[in-house]
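For reference, the structure discussed in these notes is given below.
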Amino acid sequence: MNGEIVVVDDVTAAFTTTVTEAFRTRPNDGFAIALSGGRTARSCYERLAADAGDAIDWWKVDVYWGDERCVPLDDPDSNYRLAREALLDRVGAANATYPMRCEEGADAYQLRLGELGRFDLVHLGLGPDGHTASLFPESAALDAPPGRLVVTNDDPLGTNVHPRMTLTFEGIARARLVVVTVEGEEKIEAFARVRADDPTAPASRIGAERVVWLVDHAALGGATV
Ligand code: 6PG
């Protein structure tokens, strides 16, 4: 695995601190962030919306997604809807939002990311099966062609619902900072596999300029860091 493991009592508080610090120290006036889906992400965004206060000027933030389910943007399973409910509708308008639109195919998002260059921050979760974003075990996206930053993908094992669009590992690597949030005992096995560089756990391949794993004690399962 790549990056530093930070063991925390409260993942959502640590996430909020990490994001606000990344914004404060951003190299440019704008700040490009890619958001995640999942329960952990939802709680992180609710905490960020509640506690970030004036530390983040959302008028300087461009919001992307690390992955999306191929459903309508107002579908309960949509990661765009999750971010709107948990964060964006609570903090007021961001400078821009770039939802992943499966109906347009991945090439439109690829072009947008080509124009963007680098993310300031990519937020990722860890699935119990070792996936991150929508990079599922044994899925085609794990072997995306060089140069592809974003692709459509499915879960061949049927564990994760809906066709998807997802950043590839190369797309993730465009981040100045990747923050992976891991909480709860249901992640013990997946995180242990990541730490062991298990090639069947896609999240073990996360890499970027800087990768920070915010992990709670429950997800460590008694292991030492
Ligand atoms: C998604 C997410 C996915 C998520 C992990 C962890 O679209 O579902 O991007 O990668 O981050 O599955 O989800 P939980 O926090 O709910 O365990």
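Here, each number is a calculation from the coordinates, and none is a lab measurement. Here the structure is a predicted model, which is why all the values come from computation and not from measurement. Don't worry about glycine lacking a Cβ; one is built from the backbone with ideal geometry, like all the others, and counts go over all protein chains shown.
Just to check I understand the Karplus step: with θ = phi - 60° and J = 6.51 cos²θ - 1.76 cosθ + 1.60, what whole-Hz values come out for region 130-144, glycine and proline as x?
x, 7, 9, 6, 10, 8, 8, x, 6, 8, 4, 4, 5, 10, 4
How high is the FRET efficiency from E189 to D54, r the C-beta distance, R0 30 Å, rounded to 0.05? Write down the numbers at each step before the final one.
Details: r = 40 Å, r/R0 = 1.34.
Efficiency, rounded to the nearest 0.05: 0.15.
Could you list V178, V71 so that the one with the fewest beta carbons within 10 Å of its beta carbon is first and the one with the most is last?
Neighbour counts put them in this order, fewest first: V71, V178.
Let me know the shape class of region 59-172, please: from the alpha-carbon gyration tensor, a ≥ b ≥ c as square roots of the eigenvalues, rounded when a/c is under 1.5, otherwise prolate if a/b is greater than b/c, or oblate. Walk me through the intermediate numbers first.
On the way: a/c = 1.74, a/b = 1.28, b/c = 1.36.
Judged from the Cα gyration tensor, region 59-172 comes out oblate (a/c at least 1.5, b/c at or above a/b).
With a Förster radius of 22 Å, plug the Cβ-Cβ distance of R24 and E170 into 1/(1 + (r/R0)^6) and report the FRET value to the nearest 0.05.
The calculated FRET efficiency here is 0.20.
Might you report the magnitude of the Cβ-based charge dipole of the chain about its Cα centre, with Lys and Arg at +1 and Asp and Glu at -1, to the nearest 20 debye?
Its charge dipole is roughly 440 debye.
Measuring from label point to label point, each 7 Å out along Cα→Cβ, what is the D143 to A93 span in nm?
Each label point is offset 7 Å from its Cα along the Cβ direction, giving 4.6 nm.
Which residues in region 156-198 have a backbone N closer than 14 Å to a point placed 7 Å from the Cα of R118 along the Cα-to-Cβ line?
Hits in region 156-198 for R118 at 14 Å: 172-178.
Counting other beta carbons within 10 Å of each residue's own, what order do R174, R205, R164 fall into, fewest first?
Lowest count first: R205, R174, R164.
Treat each spin label as a single point 7 Å out from the Cα along the C-beta direction, and report the D74 to H162 distance in nm.
So the label points at D74 and H162 sit 1.5 nm apart.
What is the distance in Å between the Cα centres of region 186-220 and region 43-67?
Cα centroid to Cα centroid, the span is 24 Å.
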